[in-house]
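Right, one structure below, let's go through it.
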Amino acid sequence: MGSAAAQLLALAERDDTQFAARCTEDRRHLAAIRAGREASAQAYFARHAAEWDTLRRLHGADEPVEDALLSALEGESLGGLLDVGTGTGRMAQLLSARAGRVTALDKSPEMLRIARARLQDLPAEKVDLVQGDFTALPFSEDAFDTVLFHQVLHYAQDPGIVLGEAARVLRPGGRIAIVDLAAHDREELRERHAHARLGFSDEQMLAHLVAAGLTPTSPVALPGSP
């Protein structure tokens, strides 16, 4: 459906110069909006890096989420683990004992400085800290056995692109684990905390995963409160 619409749009732009000019202007406008949101999000992360663990817990207690994640990943080694949007390195630290090697990626230098301090007791050969963007992961194809998004995907302007990148760097037979908010209407999370998405329904997540060429398993829902 999306591919067919894109083809029709391309044909219309080719045949109608005025329409093509409007589309070009719309794309510039959209790019400017996205760039502004990205800059605002990065400024937010820089301001709040030192208190990130506290802010994250406002969405829910850590323990039930971490227990559910560990249970979902139970049964085998995590192998090479990529922790996308590692933040303060909490999940990289938690999962390091079950991984052969951990790569902790974040776009924010402030976050990575905190993560480096948290992970400093791990052997140097066990962990890499990498600055990078989840829309263009700085890794080759088939680089990781496990990719983790822990409360990260709702910051993506286009989750499909992000998951497509994760699928690209995942080895055959590997796993992607996603922890995120269910769909909600708390607009203040967008306004005050730089969320690009107000959570995800199971149907939305299923569509994104399938589009990325992944085979979803059944989602696990945890109770929460406003």
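The values are calculated or read from the model by the stated rules, or taken from the named source; none is laboratory data. These figures come from a predicted structure and were not determined experimentally. With ideal geometry, Cβ positions are generated from the backbone for all residues, glycine too; neighbour counts draw on all protein chains shown. Please note that ligands, DNA and RNA were not included when accessible areas were found on the heavy atoms of the full protein model with its side chains. Shrake-Rupley method; radii C 1.70, N 1.55, O 1.52, S 1.80 Å.
Return the ratio Rg/(2.2 N^0.38 Å) for segment 70-226, where Rg is computed over Cα atoms only.
1.01
Ordered by packing density, taken as the mean number of other Cβ atoms within 10 Å over each peptide's residues, highest first, how do 17-23, 151-157 rank?
151-157, 17-23
Could you rank the peptides 161-174, 123-136 by their average count of other C-beta atoms within 10 Å per residue, with the highest value first?
161-174, 123-136
Rolling a 1.4 Å sphere over the protein heavy atoms, what is the accessible area per residue of segment 139-216, to the nearest Å²?
48
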